1. Could you pull out every residue, at least 5 positions away or on a different chain, whose amide H is within less than 5 Å of the one on B:M86? Hs are placed 1.01 Å off N in the peptide plane, and Pro or chain starts have none.
2. Going by alpha carbons, how many degrees (0 to 90, nearest 10) lie between the helix axis of A:47-61 and the longest principal axis of chain A?
3. To make sure I understand, if each residue's beta carbon is the centre and we count other beta carbons within 10 Å, what order do A:V38, A:V134 fall in, fewest to most?
4. Using the alpha-carbon atoms, what tilt in degrees (0 to 90, nearest 10) does helix A:85-111 show relative to the longest principal axis of chain A?
5. Using a Gaussian network model on chain B with a 10 Å cutoff between Cα atoms, which of B:R149, B:R15, B:R115 fluctuates the most?
6. A:K171: which lysines have alpha carbons under 25 Å from its alpha carbon, excluding same-chain residues fewer than 8 sequence positions away?
7. Dipole magnitude of chain A about its Cα centre, charges +1 at Lys/Arg Cβ and -1 at Asp/Glu Cβ only, in debye to the nearest 20?
8. Nearest 10 degrees, 0 to 90: what angle lies between the long axis of helix B:235-244 and the longest principal axis of chain B (Cα atoms)?
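No value in this document is a laboratory result; all are computed from the given coordinates. What you see is a predicted model; the values in this text were computed from it and never measured. All Cβ positions, glycine included, derive from the backbone under ideal geometry; neighbour counts span all protein chains shown.
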Amino acid sequence: MMSFSLWDIVRNLLVGGALTLLLSLAAFVLGGATGLAVLLARIGRRRAPRALARMYIELFQGTPLLLQLFTLFFGLSLFGLDVPAWLAAGLGLTLFTSAFLAEIWRGCVEAVPRGQWEASACLALTYREQMRHVILPQAMRLAVAPTVGFAVQVVKSTAVTSIIGFTELTKTGSMIANATYQPFLVYSLVALGYFVLCYPLSHYAKSLERRLHAAR
Amino acid sequence: MPLVSTRRLHKFFGRNHVLRGIKLDVEESEVIAIVGRSGSGKSTLLRTLNGLENIDDGTIEVDGTVLQVDHDDPGALRALRQKVGMVFQQFNLFPHLSTGQNVTLAPRVVKRTPREEAEDIARRMLERVGLGEKFDAFPDQLSGGQQQRVAIARALAMSPKVLLCDEITSALDPELVNEVLSVVRQLADEGMTLIMVTHEMRFAREVSDRLVFMHEGRIHESGSPQEMFSNPTTPEFASFIGSLN
């Protein structure tokens, strides 16, 4: 029987942790960009894109992330597309993130007082000009703290991708646990890994919230 | 020809018939004060004049630009709004922009005025409301009265033909009311066309050329303020001014 030193365990978990970080970053950046497009459709004045964006958001908010991943991973292979686990994981999390961010940001746009719309309309600004110069800059300020807060959720959600076989932190952990028969130690280390990633983020979100609140 | 002219203006909020056929003509340089009880439709009337509220029937014409029902012509709405400035009860300054940027935004974005020229205009307009030194301040660093004067400067920077004032002193602490009213008085003296909804009866009486009393969605009585205050012709207006004291 092979024996594992603590360093062997940690070393492998670090590799898995790096993949978790990478997946979180990719999901957040790509999901943010997609989410912005969904947001603009959702709050725009054209009816069809607005309805589509709403359906998109409801679809991804109303179903478990796990099933979204299964659908991508197994569903697409039914059409003869061979989807590797990393691609299904990245794509699934991106879609999931975009729907949630679009909805969070919509709340921020709607939190900008109506008087701001009226005042800018009176100055003859068009809808686009109002958005660009008056509404979005204020909404962005409101959005910073909840967005960083949601990043914590994204990091933790990446754990679900272990089920379709993407070897991020959790999957790495379960493989090592099976090989070492030390699940308590290994899973404790895995949890610590998530904590190390998430704690600074949630701390940052909290301090941003305080700062931006005080500045208003 | 009047500068502002409305004909058989009707407006509903759901089943509530808030404007019931308004005919109003305002000449250039005229100062109009619209008064009435709350719910009489006075603010709604003001807000239809620059298309903040759409209308259900009738026409609005400002300096040759005609606004129809439904605002189906965005070009006309934009043209009209460049001629009609508005100042609100709650100031509605843009909190993320400095005073100077608040005033230059519309000239730069809508009229494509070059930055330096726009800043020149902004400085002059801020001087005009007595806030020349506040160009770089942010709205939350100003008192309510100062914010309202910036809002006036912001409207003036678009060189509107007519300025709408919607209860612009109602949200102010009593000691700040006069600094705003004196700016309005000065604008009136300079020949600005003003249409204001106000609760400051004494001010309305002093400054306005014509008083418009609204009651149940109609212009119930109108005329020179001196005349109306000394000889109200309708019992509703008599009871309205009676209830003020």
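1. For B:M86, whose amide H was placed from the backbone, the distant partners under 5 Å are B:L164.
2. The helix A:47-61 is inclined about 30 degrees to chain A.
3. On the way: A:V38 26, A:V134 23.
Final ranking by Cβ density, sparse to dense: A:V134, A:V38.
4. 30 degrees
5. Per the Cα network of chain B with a 10 Å cutoff, B:R15 tops the list.
6. Hits, sequence-local ones excluded: A:K156.
7. On the way: 18 positive and 9 negative charges, 173 e Å.
Once rounded to the nearest 20, the dipole reads 840 debye.
8. It is inclined by approximately 50 degrees.
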